[in-house]
Each structure stands twice: as structure tokens, then as C-alpha cells.
Amino acid sequence: MSRKSWRRSYPHIQFYLVSSNEDLIYDSLQKGLLDFGIVCRADAPRTYVFRRIPHDDAWGLMMRADNPLAVKEAVQRADLLQGPLIVSEQAMKHHELDYYFGSAAEKIEVAGTYNLLHNTIFFIEEGMGSALCFKGMADAVGSSRGLVFRPLDPVIYSANYVVWRRDQVFSRAGRLVVAALDEAFSNHA
């Protein structure tokens, strides 16, 4: 069902969108504050029911345009050892830097962490570091501020998932959303 036909068929169903990090989304799902969440992660969230969204996001570096790395088409691991990084708290918690860098992870200068990328823009603009982040997020929040994004080489992708609790009891509207997700994402488990 297309978005337009969905709205025509169910004009009274409204979505309440909350921007948050993975931990807060899971916490809100457990407390019953949210019916569904969208998370971006390297592996499937096996403790929840999920549908994979057919869009993976590439990791890269968002930086000031005058950063020496901005002239490169892609940023290599060794490049990331040259300056302070601002890294997502979620990536730090899941040790994603350790997986990517191996033993060199201890040489990375982490200037700070973030839970929502938008908050890092001011720090990047002031030269306090460059943000290791997703391309889609960088495009949404950084390009209008004159910041640039360069993908990592080798590339790292994270997948996007719609998640909900296994014991979730849905309203009629919630059941309709699950049916629409099943129809839209049935080939992307």
C-alpha cells in the first residue's frame, strides 16, 4: 500500500514521532510509551520483533570544509587517528570503534560523544572535532551549515529496523501498521 493510499484509507491514524537514541527507544518500548521504534545498528535486534528497512546507512566523517581530510573522496582508518573525533554514545557502548580499528582503537582521540547528531554541529563548527556519523544524518543536519561528509574506506554500513516488543498488544491502528510493515518489508528480513 502506498503512503497516499494509506492516508486515504486511514486518515484518522496519526503518528507521534520521537527522536532519540537506541537505548531510550528500547526503554520507551519496554515502558509502553512507544508502540514502535526505528533503530540503526550493525546487527538485527533479536530481543525484539523487527522488520528491516531496505536502506542501509554508510558511516563517515562530518567535518568543517577547511579540514585537510575534506579534500579526500573517502577517509581511511589511519586518517581518523589524526584528530579529535566526536562519536555517537551508541557506537561507544557497542564497541563499534574497537571492531573497526582493532588494536588501534586505543589511539583514537575522542573529544566527546553525542546521542543526537544535530547537537554536535556547533562543536564541529568551532573546530573541537569531527563527527563519526551516518551519511543520511550528516546530509540532513550538516550540509546546510557548510560542513562536509566523507565516507569511510573501507565502508561500514549499519542497517535500519522498525522494532516492537514481542509481547506488545496492539490497538487496531497498531495492527494495521504491522500489516503495512509486513507488506512493505517482507523481503528484507
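Readers should treat all values here as calculations from the given coordinates under stated rules, not as data from a laboratory. It should be emphasised that the depicted structure is a prediction, and the values quoted were computed from it without experimental measurement. Counting neighbours? That spans all protein chains shown, and the Cβs are built from the backbone with ideal geometry, glycine included.
Computed values, structure above
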| item | result |
| --- | --- |
| Sites PHE185 and GLU89 - FRET efficiency at Förster radius 22 Å, r taken between beta-carbons, to 0.05 | 0.20 |
| Efficiency of FRET from Cβ geometry, ALA70 and ASP167, R₀ 41 Å, rounded to 0.05 | 0.30 |
| Acute angle (nearest 10 degrees) that the helix 172-185 long axis makes with the longest principal axis of the chain, alpha-carbon atoms | 60 degrees |
| Stokes-Einstein D (µm²/s) once Rh is taken as the Kirkwood radius of the chain over alpha-carbon pairs, at 37 °C in 0.692 mPa s | 180 µm²/s |
| Three principal axis lengths of the range 25-86 [C-alpha, angstrom, descending] | 46, 22, 18 |
| Exposed GluC sites (Glu not before Pro) absent: longest stretch of the chain, with sites in DSSP loops and at most 11 other Cβ within 10 Å deemed exposed | 1-72 |
| Extension reserve of the LEU17-GLU106 stretch, reckoned as 0.36 nm per residue once the Cα distance is removed | 28.4 nm |
